[in-house]
Amino acid sequence: MSAPVRIRPVAPSRLLPTSPQPEDLAAHVAEFGPRPIVGSALIAELDRSGLVGRGGASFPVARKWLAVAGFPSGMAKPVVVADGVETEPASVKDRTLLALRPHLVFDGIQLAAEAVGATRAVLYVSRGGESLMAALAKAQRERPGGEVYVEITGAPTRYVAGEETAVVNRLNGRTARPSVVPPRPFEAGVGRRPTLVNNVETLAHVALIARRGAAWFRQVGTAGSPGTALVTVCGGVHAPGLREIAFGQTVGDTVEAAGGPTSEAGAVLLGGYFGTWIDARGAWPLVLDHEALRAVGASLGAGVIGVLPRSACGVAETDRIIGFLARESAGQCGPCHVGLPAVSELLHSVTLGRAGQRSLETLARWASEIYGRGACRHPDGATMLLRSALSVFADDAGRHARGHPCGASRRAPILPTPALPAGWR
Amino acid sequence: MSLQPPRPPAGQRLRVDPILCKAHAVCAELFPERIRLDDWGYPIIDDRPIPPDLMPHARRAVADCPRAALRFAESTEPGVHSRGPD
Ligand SMILES: Cc1cc2nc3c(=O)[nH]c(=O)nc-3n(C[C@H](O)[C@H](O)[C@H](O)COP(=O)(O)O)c2cc1C
Ligand code: SF4
Ligand code: SF4
């Protein structure tokens, strides 16, 4: 039997270069033309473009910029922070973009600073990427004069260090742990100044919209989710790695573009470790569109699609991820730093077949009780992942809980759950 | 002239600052109508506005929290969350 012919919308490469060579300023200008000077008019253009943030929360960019630009006169001028720390273990999009097209991000930072009237700018990246920091410093020395100086700051490699209040705390000389809001960064952030925090991919899209306009941006994607997005495809696929998707294509299209599954897929983790498991049959035709994903309780999150082969154990896989997220709690809020380790411990004994019949009910109750009770959304992400696992892998979890763990739970992990270096400075 | 009933002065909700709270559980003892504890002793707060007859208990719980972690929030004030995964 021959495979059905698939007509795949091929996403245009807007952000991803075809060459693996880092683009210097000359190559960047040859490719895109010089950076235009747009000022605050860019905010209205971004509003027309429908661009939403690519850091995980899909928040409308123009709305955030307006809030920062609307700071009361007499107050200190705003600060722009480009969040490129990317601590999601499976994700490579931000570091790849920064390594290959640093000037697109620098352009976005300048455009943001000019649009909101910022006099200080920071590019916040993981301290683990020493060579990346050196390359960014080199790119920065090529920038034309007259721009707002961009401080390149290294962040500790902890999962929550990229959360926006953690970023602000770190830049204010404290540890990179989140704090309670309000005040939100746009109200009182770095140095108590109004602070715009945007993901680096978001700022790269801004750099293109400033040159080519909102109508161009909307030429691909859907009406509600225009444009393209960077997505890391990982797990059981033949060619894992970074892809640029056009909104409107399906999860199946995206997995096929990454070489297709190595063996029959059982489930897909959509959105990364803050994401949700979806049964493979339901996931394949799912359209990558914010509205369509929200309708099934999912989101593209920070752009990770993990493919789990049917032969792998979703319970063990989730157990390892929850263990990772529990270790990565910032240790400040009880429901997160006491609750998540308890969840992790019980789920681990489920994996081993030692937890008992009632354990799944307890896990479900804990998941709903912990949700929404931390200063940041770290515990929300973890409990959403757990809930989706209890539903998608319900049969397997039941067998584990009744004392019959599967053999697959002892095999090598499909998704990475590294031990991150300790410390918050 | 507005025909709307005057907004009750006690149209407030309770919020806990999860970083300040250290599970002393005083609040749940003083205001069990709206505060219960999770399996680890941290308060789970009913988010509905507090009716006037319960306000004295609410005020007492707020005043007696040893960490000053419990406070009133206007009904319109957003929750503790900034941005998130969903
Ligand atoms: C626990 C946690 C970790 C986060 N980590 C990152 C990160 O590594 N990089 C990032 O850009 N945003 C991260 N975010 C989202 C940021 O708080 C913020 O929403 C985002 O940087 C805003 O940029 P955007 O509007 O351009 O998406 C994280 C959020 C949470 C709750
Ligand atoms: S919810 Fe967890 S990660 Fe977020 S601030 Fe509290 S302890 Fe830290
Ligand atoms: S009394 Fe205060 S510190 Fe104790 S549990 Fe209640 S809110 Fe937390």
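Taking region B:34-48 as the range and being part of a loop (DSSP other than H, G, I, E, B) and either surrounded by 13 or more Cβ atoms within 10 Å (Cβ to Cβ) or within 14 Å of another protein chain (Cβ to nearest Cβ) (or both) as the test, the residues that pass are B:34, B:38, B:39, B:40, B:41, B:42, B:46, B:47. So which residues in region A:332-356 are within 16 Å of ligand 3 (Cβ to nearest atom), in contact (Cβ under 8 Å) with a residue 40 or more places away in the chain and open to solvent by 20 Å² or more (accessible area, probe 1.4 Å)? Result: A:332, single match.
Taking the criterion of being open to solvent by 10 Å² or more (accessible area, probe 1.4 Å) and either more than 11 Å from every other protein chain (Cβ to nearest Cβ) or out of contact with any Ser or Thr (no Cβ under 8 Å at 6 or more places or on another chain) (or both), the residues of region A:378-388 that qualify are A:387, A:388. Here residue A:115 meets each of (1) under 19 Å from the mean Cα position of the chain (by Cα); (2) at pLDDT 95 or above; (3) buried (at least 24 other Cβ atoms within 10 Å of the Cβ) with one exception, condition (1).
Evaluated against (1) within 16 Å of ligand 1 (Cβ to nearest atom); (2) within 14 Å of chain B (Cβ to nearest Cβ); (3) open to solvent by 50 Å² or more (accessible area, probe 1.4 Å), residue A:174 falls short on exactly one condition, (1). When region A:357-370 is filtered for residues that are within 14 Å of chain B (Cβ to nearest Cβ) and loosely packed, with under 15 Cβ neighbours inside 10 Å, the ones remaining, listed by number, are A:358, A:361, A:365, A:368.
Filter region A:39-62 down to residues that are away from chain B (no Cβ under 14 Å), part of a loop (DSSP other than H, G, I, E, B) and touching an Asp or Glu at 6+ places or on another chain (Cβ under 7 Å), then give me how many there are. The number of residues fulfilling the criteria is 1.
The set of residues from region A:49-68 being farther than 30 Å from residue A:419 by Cα and crowded, with 19+ Cβ neighbours inside 10 Å comprises A:49, A:50, A:51, A:52, A:61, A:62, A:64, A:65, A:68.
Annotation: of all residues in region A:177-189 being in contact with a Ser or Thr (Cβ under 6 Å, 6 or more places away or on another chain) and not hydrophobic (A, V, I, L, M, F, W, C), the one that is farthest from the other protein chains (Cβ to nearest Cβ) is A:189. Counting only helices (runs of 4 or more DSSP H) that sit completely within region A:215-307, those holding 2 or more residues that are surrounded by 22 or more Cβ atoms within 10 Å (Cβ to Cβ) correspond to A:251-257.
Here is the figure for region A:365-407: residues that are in contact with a helix residue (DSSP H, G or I) (Cβ under 7 Å, 6 or more places away or on another chain), hydrophobic (A, V, I, L, M, F, W, C) and within 21 Å of residue A:299 (Cα to Cα) total 10. For region A:79-93, does any single residue satisfy the condition of being over 18 Å from the mean Cα position of the chain (by Cα), buried (at least 19 other Cβ atoms within 10 Å of the Cβ) and either within 12 Å of ligand 1 (Cβ to nearest atom) or not in a loop (DSSP other than H, G, I, E, B) (or both)? Within region A:79-93, one or more residues are over 18 Å from the mean Cα position of the chain (by Cα), buried (at least 19 other Cβ atoms within 10 Å of the Cβ) and either within 12 Å of ligand 1 (Cβ to nearest atom) or not in a loop (DSSP other than H, G, I, E, B) (or both).
The values are calculated or read from the model by the stated rules, or taken from the named source; none is laboratory data. None of these values were measured; they are calculated from a predicted model. Note: ideal-geometry Cβ built from the backbone for every residue, glycine included; neighbour counts use all protein chains shown. We work out accessible area using only protein heavy atoms, side chains counted, and drop any ligands, DNA or RNA first. Shrake-Rupley method; radii C 1.70, N 1.55, O 1.52, S 1.80 Å.
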